[in-house]
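Undergrad: Handing you a structure now.
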Amino acid sequence: MSSQPAENCELTQDERDLLFYESRIVRPVKMKVPEFKRNEHLRHVIFSRQFSVDTLEYLAETADKVRMLSKQRSGQDFLINLLHHKRAMLYFTQPSTRTFLSFMSACQILGITCNEVRDPSTSSETKGETRFDSIRMFSSYFDLIIMRSKLAKLAESCAYLMNDLEVSGNRSVPIINAGSGADEHPTQSLLDIYTLQRTFQFTEAGSSPMASRLHELRQLHPELTTGLAGKTYGFCGDIGRGRTVRSLASLLAKYEGVKLIFIAPDDPTLALRDDLRHRLQDRGIAISEVEHFDEIVDGVPVIEQLDALYMTRIQKEHDSPAEAEKFAQIDLSRYKLTRGLVDRMKVYAPILHPFPRDQHFGEIPPEIDNDPRAMYFRQARNGMWIRAALLASVFGVDHQISRFFEQQYSEWHHYNEDDVWAPSLPKGPLRP
Ligand code: NCD
């Protein structure tokens, strides 16, 4: 990293540091994934494609256990003692509410102490410190770095930095990407998948596993099955700049027989980007790109065929003046949900949104919030549970959670067969 090629002499040290990792960054993801693991366990979390379908199932089961243990004082006490010897740095130099707070809450559930740097103007970066020096300093004081940056490849580069430090016998800690430029947001896709997993169990809280809604829904939709495979997913809005869309679409592509429909303006900034389109096509995924909900795909208007709809915000804070002018000519009202559109959706199809929604644009008006398909607030809460499961897995205490859960459940079940939450155990009915 210290050598400075002549042609790079105009670059800042931050830019040179990123270039240093370029040859590793350009490799195919399947070559990188083993480097982000230790002994078959997740270590660094950088891309959504790191998660296999089995890992997603396992994390969801762990999240369900954390969720249920958290309802009881004894469960809370157990969880909070699991990682109370660990410290996490939340290095968030881009705005964040949910991701930041849900990571912080997830840390608190497991007893991890959190510290934060959110405004680089209060850090030594204003004195000329590079981001890589900052990260290495964080790794001296903390056991985990959770980071969000406008730089697409910074988190990935930091994972390589940590691996190099490990090889040279220095202190090295896991890196978790909490949003990197317009590129990836792997932990958002975890909570999106977790919400879909719970929704597509088609069960109601408090009912017995036998009283599944699936039977009732099959009267209307005879082909309906549980699980994420074989379903049609719609993504609407700012597809081009939506890192949550990129991470989630890449994960959904791992499920058999899915169909993805992108509803976005036909504009190079806002529409599906070539790299993601090619990646999905290479995996043999059926994709369609349309400009509005009423377009016909396979003989049916898009809005009527979706099994789930993922709405997004138009990220106008990234507009250049020329783009702002160009977008003013586009009819963006097509990328807003209305009561009429929701009424035409399948009765079980969840509406998701990574949030924040834009009150001025109004992609999801508040009148939709009470619709049973509006899943976005539960989706955000799911983020806390699945992130706790992820942290437990990264620190290798996931098996302790399972053991304690099984032991507790057998006791609770033994002492109170009618316990209100006893029926809502894993594989039983869980509301999203
Ligand atoms: C999103 C993000 O920051 O990528 N929000 C989130 O993390 N939940 C989406 C957005 O800002 O529109």
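The values are calculated or read from the model by the stated rules, or taken from the named source; none is laboratory data. Keep in mind that this is a model prediction, so the values were computed, not measured. For neighbour counting, all protein chains shown are included, and Cβ atoms are generated from backbone atoms with ideal geometry for every residue, glycine included.
Undergrad: Would you mention how many residues in the stretch 140-196 are touching a Pro at 6+ places or on another chain (Cβ under 7 Å) and among the hydroxyl-bearing types (Ser, Thr, Tyr)?
TA: Qualifying residue count for the region: 1.
Undergrad: Would you pick out the residues in the stretch 2-49 that are in contact with a strand residue (DSSP E or B) (Cβ under 6 Å, 6 or more places away or on another chain) and at pLDDT below 85?
TA: none
Undergrad: Would you pick out the residues in the stretch 76-87 that are of a type outside the set (D, E, K, R) and in contact (Cβ under 8 Å) with a residue 60 or more places away in the chain?
TA: Phe78, Leu79, Leu82, Leu83
Undergrad: Suppose we filter Leu196, Leu228 for residues that are within 21 Å of Gly383 (Cα to Cα) and in contact with a strand residue (DSSP E or B) (Cβ under 7 Å, 6 or more places away or on another chain); which single one remains?
TA: Leu196
Undergrad: Return the pair list, or none, for Cβ contacts closer than 6 Å from residues in the stretch 151-176 that are free of Cβ contacts under 8 Å to residues at least 40 places away in the same chain to residues that are crowded, with 18+ Cβ neighbours inside 10 Å and of a type in the set (D, E, K, R), at least 6 apart or on different chains.
TA: Pairs found: Ala152/Asp183; Val173/Asp143.
Undergrad: Right, next: Provide a single number: the residues in the stretch 51-100 that are over 25 Å from Thr244 (Cβ atoms) and either within 16 Å of the ligand (Cβ to nearest atom) or in a helix (DSSP H, G or I) (or both).
TA: 11
Undergrad: I'd like to know if the stretch 245-254 contains one or more residues that are surrounded by fewer than 21 Cβ atoms within 10 Å (Cβ to Cβ), more than 16 Å from the chain's Cα centre (by Cα), more than 15 Å from the ligand (Cβ to nearest atom) and in a loop (DSSP other than H, G, I, E, B).
TA: no
Undergrad: Still on this structure, please answer the following. What are the pairs with Cβ atoms under 9 angstrom where one residue, in the stretch 349-370, is on the phi > 0 side of the Ramachandran plot and the other, located anywhere, is modelled with pLDDT under 95 and of a type in the set (S, T, N, Q)? Sequence gap at least six, or different chains.
TA: Phe355/Thr97
Undergrad: Go through the stretch 135-166 residue by residue and tally those that are closer than 19 Å to Val45 by Cα and assigned to a helix (DSSP H, G or I).
TA: Count: 17.
Undergrad: Of the residues that make up the stretch 336-348, is at least one farther than 16 Å from Phe103 by Cα and among the polar types (S, T, N, Q)?
TA: Yes, the conditions are met somewhere in the stretch 336-348.
Undergrad: Specify the residue that is nearest to Ala380 (Cα to Cα); the eligible residues are those in the stretch 296-315 that are part of a loop (DSSP other than H, G, I, E, B) and more than 16 Å from the ligand (Cβ to nearest atom).
TA: Per the criteria, the residue is Asp307.
Undergrad: Same structure, new question: Can you find, within the stretch 187-206, the residue that is modelled with the lowest pLDDT among those that are touching a Ser or Thr at 6+ places or on another chain (Cβ under 9 Å) and away from the ligand (no atom under 16 Å from the Cβ)?
TA: Gly206
Undergrad: Picking from His292, His318, which residue would you name as being surrounded by fewer than 20 Cβ atoms within 10 Å (Cβ to Cβ), in contact (Cβ under 8 Å) with a residue 24 or more places away in the chain and within 16 Å of the ligand (Cβ to nearest atom)?
TA: Just one listed residue meets the conditions, His318.
Residue by residue, here is whether (1) within 16 Å of the ligand (Cβ to nearest atom); (2) without any contact (Cβ under 8 Å) to a residue 12 or more places away in the chain; (3) buried (at least 21 other Cβ atoms within 10 Å of the Cβ) holds:
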site	(1), (2), (3)
Gly240	yes, no, yes
Arg273	yes, no, no
Leu280	no, no, no
Ile285	no, no, no
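Undergrad: Can you tell me how many residues in the stretch 112-130 are loosely packed, with under 15 Cβ neighbours inside 10 Å and not in a strand (DSSP E or B)?
TA: Number of matching residues: 7.
Undergrad: Taking the conditions exactly as written (more than 15 Å from the ligand (Cβ to nearest atom), farther than 30 Å from Gln108 by Cα and not hydroxyl-bearing (Ser, Thr, Tyr)), does Leu337 satisfy them or not?
TA: yes
Undergrad: Please specify each residue of the stretch 37-57 satisfying the condition of being touching a residue at least 40 places away in the same chain (Cβ under 8 Å), out of contact with any Pro (no Cβ under 9 Å at 6 or more places or on another chain) and either over 30 Å from Gln201 (Cα atoms) or surrounded by fewer than 20 Cβ atoms within 10 Å (Cβ to Cβ) (or both).
TA: His41, Ser52, Val53, Glu57
Undergrad: Identify, please: which residue in the stretch 101-130 is away from the ligand (no atom under 16 Å from the Cβ), touching a residue at least 40 places away in the same chain (Cβ under 8 Å) and touching a strand residue (DSSP E or B) at 6+ places or on another chain (Cβ under 8 Å) and is, among those, nearest to Leu190 (Cα to Cα)?
TA: Here the answer is Cys107.
Undergrad: If I filter the stretch 172-186 down to residues being in a loop (DSSP other than H, G, I, E, B) and out of contact with any His (no Cβ under 7 Å at 6 or more places or on another chain), which single residue comes out as farthest from the ligand (Cβ to nearest atom)?
TA: So, considering only residues that are in a loop (DSSP other than H, G, I, E, B) and out of contact with any His (no Cβ under 7 Å at 6 or more places or on another chain), the one farthest from the ligand (Cβ to nearest atom) is Ser172.
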